[in-house]
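We did not get these values from a lab; they are worked out from the coordinates using the rules stated. Remember, predicted model here, so these are calculated numbers, not experimental data. Because the Cβ atoms are built from the backbone with ideal geometry, glycine has one as well, and the counts that use them run over all protein chains shown.
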Amino acid sequence: MGKMLNYRLVIFALAFIFGLVFSIPSFLQLDKGAKISLGLDLQGGLHMLLGVKTEEALKSKLKSIASSIKYFTDDEEILIDDLRVKSNQVEFTLLDEDERPKIEKMLKEIKGIELKQDGSKYVLTLTPKEKESVKEYAIKQAVDTIRNRLDQFGLAEPNVAKQGKDKILVELPGIKTPEQEQRARELIAKAAHLQLMAIDEKHADQVYKMNEAEAEEYGDLILPDAKSEKVKHLVHEVPILDGSMLTDARVAFDQSNQPVINFSLNSAGARIFGDFTGKNVGNHLAIVLDNKVYSAPVIRERIGGGSGQISGGFSVEEAHDVAIALRSGALLAPVVMLEKRSVGPSLGADSIKASFMALVLGFLLVVVFMVVYYGMAGLIADIALVANLFLIIAVMALFGATLTLPGMAGIVLTVGMAVDANVIINERIRELFHQGATVSKAIDKGYDNAMSAILDANITTLIAAVILYAYGTGPIKGFAITMSIGILASMLTAILGTHGIYEYLLPKIERSKKLGFWFGIKREAK
Amino acid sequence: MEIFKSSKIYDFMGKSKIFIAISVLFILTSFALLFTKGLHYGIDFAGGTLVQVRYDHKAPIKEIRESIKKDKMFKNASITEFGSPNEIVIRFSTSSSSVGVDVGDKVRGLLKSTGQFEVRRVDMVGPKVGNELREKGLMAMVLSIIAILIYVAFRFEWRFGLASILALIHDVSISLGFVSLVGIDVNLDILAAILTIMGYSLNDTIIVFDRIREGIKETKVMNLFEIINDSVTKTLSRTTLTSLTTFFVVLTLYLFGGEIIRGFSFTLLVGIIVGTYSSIFIASPFLKWLGFDVAKFKQKELEKEKREREKEKMRQMYEGGVV
């Protein structure tokens, strides 16, 4: 009788209590304790996979090199001409041969470039290593920038992570309506590339007759106005400075109560801005955001202090979002949408309801079926099944796993398959009874005989689940996780647990000898 | 309760030709379907956009079609009812790469005149991602077949491994045939269903094979037919019972799990039926065809046991301090 409190039963009881305790927070949705979080397909939300156009980052790197050359030569009063940014290089011509040592010293200080020189013409290209690091940085910066923007946007629990080599995963559970979603997407997509550019005063009056190639001849760009696409501005291609020198951007209101954005520059930016405005009094300065000219006021005097204003036709919401984008920095490279899945909250709620209903119904069906077919043995298997369900929930909660719709399907399926081990065992026990075994022998030998089949079957299913996890994406991973946890938990509950219960009940079964009641077969035990 | 009598042994092998003929018929039909009608790839694998819209009244499909097709971009859009007459799904093959404004927004604008509605789901997969998902899915299938083949060959013998893989290919082909016949959108969830069927089918087959292995070791009969008949009969009750519980559970998923999960659960239903059938009637005859030799296997298993017994003896002697 010493077997009544056996090690199997103790382990099973502990597992049962463990499962119960750690699944309570998930079942009752308590605030305290680890619990399963619902996937976007169940609670509603936006899932996006973004790609980063890293070539654009290379281009803007070249542009900033050109800007620093321009600032240096202006500052040192070195005469150069034809400063251009071509597809993958920066080029210019030195007019004053005497300044050669000075300019070459400056060029040597720029890191990561290859310098070619042909007479007085200089060509700068990025080294392959520099290209790689610029691209890598662009992705990292995009992740940080998007995370920063979404944090400031005020949505609950945004998740932004790098995925694979060059993709970004964005998950926003808080999105409720398509309008909200669109606004969030626009915020992410905003390049927020602020540039202060000089208007080409010499050729500005010809802008409507020019095409882009002709503008390029002069080292200029034609940019549309923000208020109307029809209005064009002709600006020098190389900007005076850009948003990388920005320290702050805030929404304010001007005299006519229109929203504007006030920005401030860091000390280097302030100096460049001050120097430029000082030298160009009477000329126009274009304030360019994402390749659109927001305003092009005349410079009346030198502007020190390093602050400026972007005005022109924002709505309050827009101004708010632009300010967030500017503060969190420009995207070095634009992002593109590779994959998007958005689920409305009502659909998510429907999915939960439907799959929960299927789970409960399926569960009841299996439970009743087992008792009808196997009698008490079926009931014992059902206890193991309940323990199994609690364990799955508890383990998922402790790992911080997310429950998705396919994950729900995985649990439902596990319920169907978890009783398999008990079916195999019970069949073996019945077989032994038919051969005339005693109760204790039938149970012990039944477990022994069933073991190899159960192990081989579970391991093959586990192999399939693990590979599914490794190669699956998103929701499929959830399915594989719940299946794997379910299989492992069933080994503990269906094999060890039920065996423990039988050992505990053995004296009783031996005394009663009613195999019809205990195992559902018409035969008297020996 | 007992369904199958324990005393009677059913003659499965005697009728194996009939079952093989039925299977060949089904497989050929499936292949014919797969090659002519083909699989209807959903947006996960083909790329494209899906918009699910629910109206607070019956969805005016005709009007919706007219307003959508105003835009040339949506010329080949398909509009179908989804679960209830109030709910529709619009599918088209285009997808946008812009993050700021996308086709979902555009559809919403076009639908404005068709009544009160709620956009419940917008899925968009770019062509590049679709290709990647398809490659990964195929990879997962091939890899798991190889891994399982190795495991079964290691635990049993290579013929058992190969026979179980053949049974698995049988199950997957027929299931895919049904997917093609019914015209289910093949998305990631269908892939998951197929992989589950693979796991399930193997599970079933292995339990029968385990019994055959045991039968060979324990009986003096050298006739493979008899051993198979005996083993399949002995596992018949288990195979039927587990299949029934799983089948009922998946059936509730199919009936009550909601429209989104219907394709998945339908595929599983077919898979469970086919998988159960093949593990009872089809998998074992493959063993015979592959030239399985009972005597040789028995000898090998006996040698294995002998070696293990010797090892055990040595260990006992060692622990007893004899050596």
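Tabulated values for the structure
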read-out: Percent RCO, i.e. relative contact order, over the range A:193-312, from Cα pairs under 8 Å lying at least 6 residues apart; value: 30
read-out: Percentage relative contact order, chain B, counting C-alpha pairs under 8 Å, at least six apart; value: 23
read-out: Principal axis dimensions, largest first and in whole angstrom, of the range A:1-148 by Cα; value: 106, 36, 25
read-out: Amide proton proximity set for A:E339, modelled H, under 5 Å, gap of 5+; value: A:L49, B:G126
read-out: Sequence of A:T461, B:T29, B:T114 once ranked by neighbouring C-beta atoms within 10 Å, starting from the fewest; value: B:T29, B:T114, A:T461
read-out: Value of Rg to Rh for chain A (Rh from inverse mean 1/r over Cα pairs, i.e. Kirkwood); value: 1.23
read-out: Alpha-carbon Rg/Rh ratio, for the range B:71-225, with Rh computed the Kirkwood way; value: 1.19
read-out: Spatially proximal lysines relative to A:K202 (Cα-Cα < 26 Å; intrachain offsets below 8 disregarded); value: A:K63, A:K70, A:K86, A:K121, A:K227, A:K230, A:K232, A:K279, A:K292
read-out: Candidate aspartates and glutamates - alpha carbon under 13 Å from A:K162, same-chain residues fewer than 8 apart omitted; value: A:E136, A:D144, A:E171
read-out: For the range B:249-258, Karplus couplings with θ = phi - 60° (6.51, -1.76, 1.60), whole Hz, Gly/Pro x; value: 5, 5, 5, 5, 4, 5, 7, 10, x, x
read-out: Exposure proxy order (Cβ contacts within 10 Å, fewest to most) of A:D321, B:D230; value: B:D230, A:D321
read-out: Gained length - A:N266 relative to A:V123, 0.36 nm times residue gap less alpha-carbon distance; value: 48.4 nm
read-out: At most 10 other Cβ within 10 Å, DSSP loop - trypsin sites (Lys or Arg not before Pro), the range B:192-249; value: B:K220
read-out: Taking the convex hull of Cα positions in the range A:327-406, its mean projected area over all directions (nm²); value: 9.2
read-out: Residue order, fewest to most beta carbons within 10 Å, for B:T242, A:T127, A:T54; value: A:T127, A:T54, B:T242
read-out: Options A:S264, A:S295, A:F253, ranked by Cα towards positive dipole end of the range A:193-312, top entry (Cβ charges); value: A:F253
read-out: At 0.692 mPa s and 37 °C, Stokes diffusion of the range B:138-199 via Kirkwood alpha-carbon radius, µm² per second; value: 265
read-out: The range A:173-212: trypsin sites (Lys or Arg not before Pro) in DSSP loop, at most 15 other beta carbons within 10 Å; value: A:K176, A:K202, A:K209
read-out: Whole-Hz ³J(HN,Hα) from phi, Karplus 6.51 cos²θ - 1.76 cosθ + 1.60, for the range A:212-225, glycine and proline x; value: 5, 5, 5, 4, 5, 3, 8, x, 10, 10, 9, 10, x, 7
read-out: Viscosity 1.002 mPa s, temperature 20 °C, Stokes-Einstein D of the range A:154-278 from Kirkwood C-alpha radius, µm²/s; value: 117
read-out: Relative contact order %, the range A:99-223, counting alpha carbon pairs below 8 Å whose residues are six or more apart; value: 12
read-out: Relative pair counts by distance (%), Cα atoms of chain B, 20 Å bins; value: 26, 43, 23, 8, 1
read-out: 15 Å beta-carbon shell around A:V143, net charge (K/R +1, D/E -1); value: +3
read-out: Calculated over the range A:440-522: convex hull of Cα atoms, volume per residue (Å³); value: 100
read-out: Lysines with Cα under 24 Å of B:K304, excluding same-chain neighbours fewer than 8 positions away; value: A:K445, B:K217, B:K220, B:K288, B:K296, B:K313
read-out: Of every Cα-Cα pair in the range B:48-125, the percent that sits beyond 13 Å; value: 63
read-out: Cβ-derived FRET efficiency at R0 56 Å, B:Q116 paired with A:I24, nearest 0.05; value: 0.85
read-out: Qualifying trypsin sites (Lys or Arg not before Pro) for the range B:265-314 [loop in DSSP, other Cβ within 10 Å: at most 13]; value: none
read-out: Local electrostatic count, A:T482, Cβ distance below 15 Å [Lys/Arg +1, Asp/Glu -1]; value: -1
